[in-house]
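Beneath this line is the structure, given in structure tokens, with notes to follow.
The values are calculated or read from the model by the stated rules, or taken from the named source; none is laboratory data. All of these numbers come straight from a predicted model, not from anything done at the bench. Quick reminder, even Gly has a Cβ in these numbers, built from the backbone with ideal geometry, and neighbours come from all protein chains shown.
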Amino acid sequence: MNKIKLFVSGPREFVDYITHQVENNPGAMMIVNVSTEPSQTVAILESGSTSADVLLLGFDDRKIETMVQPLSRFSENFPIFISAKQLSVAHKKWKPFYFNIAREGGELSAITRYFKDRPQDIAIPERASVINTVASQARVEHVKERENRIETIPVDKKVITVFGQKGGIGKTCTVVSVSQSLSTLTTMSVCVLDLDMNRDYGDILRYFGYVGNDKVDALTIERPDWAGQLKLPTEKTLSAWTKLLSGEKSGDGKFMLSDEMRLNKKLVEHCLIKIKPNLFFLPPVRTIMDEHSISETDVRKIISILRRHFSTVIIDGGNTLSTQTVSAISESDDLLIMAEAAIASFDSLADFTLNTLNIVKGHAVPRIIINMMMDKDKIPRKQYVDPEKELPEIVGGFPVIAVFPWDDELNISVRWKLIVPYYGAHDTPFTREMPNLLKHLYPKEIFSQAKEKDSGNGFFRFFKKFLALGGAR
Ligand SMILES: Nc1ncnc2c1ncn2[C@@H]1O[C@H](COP(=O)(O)OP(=O)(O)OP(=O)(O)O)[C@@H](O)[C@H]1O
Ligand SMILES: [Mg+2]
């Protein structure tokens with residue numbers, strides 16, 4: 001059998017470790033390329049100069065995400081392996097891109113197993129010259145640009161609540177997509193808090209890909225050695241957190257748990273669901289019955305703990321002004337009101353926004369997001385609201401900071417694959433509008449230089465004028 005030719009890409013230690021293993025097992029494999037940066041990896045692949053049979057990636061998720069798009073062009077017929085600690089999590093995350101997963105430490109045996117069934121795939125000389133187009137360089141540049149952004153972006157801390165007057169208008173999709181985009185494109189640490197308690201477990205857990213028994217597993221908290229005598233919540237839910245915090249006592253000079261949590265990031269992260277190294281998540285309740293046990297003060301207390309440890313806390317406020325949602329908005333810096341693009345929805349939008357502001361306290365800046373905007377041609381002329389002319393009036397002067405189009409791709413992806421597309425990994429009509437929203441949420445820090453072509457569908461141009469009219473900051 002021919003030797004399997006390996007392209008190893010990852011941090012220096014990873015490359016050294018794999019090289020060492022290959023040298024200790026001569027015969028089966030040889031290394032033909034190495035790279036220690038994502039852009040270098042993409043450049044080698046795009047140049048068509050490698051004769052490798054397989055690519056093995058040892059980067060963390062965030063770095064891999066910078067190159068998902070260029071790599072997924074290769075991955076259907078060129079095996080790409082990702083070395084991962086947690087197999088099931090990695091599978092869920094990377095399967096849609098046709099990446100293979102190898103357990104950390106067992107990379108070479110996973111690759112050997114793969115080629116055992118496909119000896120004909122080893123050493124195909126033609127593969128090297130598959131693609132080398134003008135766009136290749138652009139793709140490499142794109143990955144490079146993202147790498148740089150990961151390294152350098154400083155950010156203010158903030159709490160954002162997404163709220164809407166109706167069900168099924170994309171609040172949860174927006175919360176998940178924003179959190180994934182931010183944690184992919186920046187070094188920010190992001191925590192998602194779900195306050196929509198209309199369903200057991202809330203909704204977001206599903207939108208992060210957990211269904212059936214995985215939901216139960218995701219809530220489990222194991223007791224680590226370092227926790228000592230410390231009491232931990234019984235599970236990773238807001239209601240379990242609040243039970244613990246409201247039962248706490250400050251005896252004999254000891255910390256109360258909320259103080260402990262305010263000081264100890266490791267403890268807090270341990271009691272949250274980890275989606276990736278800089279993205280965490282807290283579901284609301286295990287069953288909707290628990291909703292009533294969560295008081296206004298509990299919510300405030302928990303948001304203040306989360307605010308301390310994360311750059312961004314993003315909250316799904318659901319669509320009822322429950323006491324919990326009221327106190328979340330009162331604690332927020334930004335209030336994003338979502339509305340469906342439809343006359344029935346516009347009709348009450350200004351009143352709804354105003355009334356919400358009258359009920360909540362605090363300093364949240366209200367802004368509006370329109371979702372599911374249909375193509376002009378698809379709506380009968382009589383029923384069409386021309387957003388450019390009419391929306392600013394309709395929304396009562398509140399700024400509209402993003403208009404997401406109707407997106408079939410997103411709809412199918414969310415409903416059938418439980419994957420919410422996001423800016424930085426997917427290219428759909430919805431994600432193309434995302435930079436607009438991010439630019440408004442983080443005007444100085446991140447997306448101020450986002451080029452117009454980033455937000456570049458005809459949509460943006462179409463709405464540009466009215467965005468300005470709407471007073472977008
Ligand atoms: N721009 C869009 N284009 C097409 N479909 C969309 C769009 N935004 C959201 N959807 C679809 O609408 C459905 C509802 O979205 P989502 O769950 O985010 O809404 P929600 O406001 O959180 O609803 P709920 O009030 O039930 O929690 C999802 O199935 C999603 O696929
Ligand atoms: Mg929802």
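Any residue that is modelled with pLDDT under 90, at positive phi and surrounded by 14 or more Cβ atoms within 10 Å (Cβ to Cβ) - is there at least one of those in the range 37-51? There is at least one residue in the range 37-51 that is modelled with pLDDT under 90, at positive phi and surrounded by 14 or more Cβ atoms within 10 Å (Cβ to Cβ). Screening Glu145 with (1) acidic (Asp, Glu); (2) modelled with pLDDT of 90 or more; (3) in a helix (DSSP H, G or I) gives one miss only, at (2).
Listed here are the residues, each with its yes/no results for (1) within 16 Å of ligand 1 (Cβ to nearest atom); (2) closer than 22 Å to Leu441 by Cα; (3) at pLDDT 95 or above; (4) in contact with a His (Cβ under 7 Å, 6 or more places away or on another chain).
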site	(1), (2), (3), (4)
Ile273	no, no, yes, no
Phe280	no, yes, yes, no
Met289	no, no, no, no
Ser295	no, no, no, no
Leu321	yes, no, no, no
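Against the test of being more than 15 Å from ligand 1 (Cβ to nearest atom) and at pLDDT below 90, the options Val360, Val365 yield a single qualifying residue, Val365. In this structure, does Ile169 turn out to be assigned by TED's automatic domain parsing to the domain that holds Met372 and within 16 Å of ligand 2 (Cβ to nearest atom)? Criteria met by Ile169. Residue count for the range 55-79 satisfying the condition of being surrounded by fewer than 22 Cβ atoms within 10 Å (Cβ to Cβ) and not in a helix (DSSP H, G or I): 9. The lone criterion from (1) at pLDDT below 85; (2) surrounded by 14 or more Cβ atoms within 10 Å (Cβ to Cβ); (3) of a type in the set (A, V, I, L, M, F, W, C); (4) farther than 22 Å from Asp200 by Cα left unmet by Met256 is number (2). Taking the range 311-350 as the range and being closer than 21 Å to Val285 by Cβ and either in a strand (DSSP E or B) or not polar (S, T, N, Q) (or both) as the test, the residues that pass are Val313, Ile314, Ile315, Asp316, Gly317, Gly318, Leu321, Val326, Ala328, Ile329, Glu331. Of all residues in the range 160-187, those satisfying the criterion of being of a type in the set (A, V, I, L, M, F, W, C), under 20 Å from Gly318 (Cβ atoms) and more than 9 Å from ligand 1 (Cβ to nearest atom) are Ile160, Phe163, Val178. Can you work out which of the residues in the range 188-216 that are among the charged types (D, E, K, R) and surrounded by fewer than 23 Cβ atoms within 10 Å (Cβ to Cβ) is farthest from ligand 1 (Cβ to nearest atom)? Per the stated criteria, the residue is Asp214.
Here is the figure for the range 210-248: residues that are part of a loop (DSSP other than H, G, I, E, B) and either out of contact with any strand residue (DSSP E or B) (no Cβ under 9 Å at 6 or more places or on another chain) or not assigned by TED's automatic domain parsing to the domain that holds Pro283 (or both) total 17. Is it the case that the range 353-364 has a residue that's within 21 Å of Gly396 (Cβ to Cβ), more than 16 Å from ligand 2 (Cβ to nearest atom), in a strand (DSSP E or B) and within 25 Å of the chain's Cα centre (by Cα)? There is no residue in the range 353-364 that is within 21 Å of Gly396 (Cβ to Cβ), more than 16 Å from ligand 2 (Cβ to nearest atom), in a strand (DSSP E or B) and within 25 Å of the chain's Cα centre (by Cα). Pairing each residue of the range 315-335 that is more than 16 Å from Ser179 (Cβ to Cβ) with any residue that is within 15 Å of ligand 1 (Cβ to nearest atom) and of a type in the set (S, T, N, Q), provided the two are 6+ apart or on different chains, yields C-beta distances under 6 Å for Ile329/Thr161; Leu335/Thr161.
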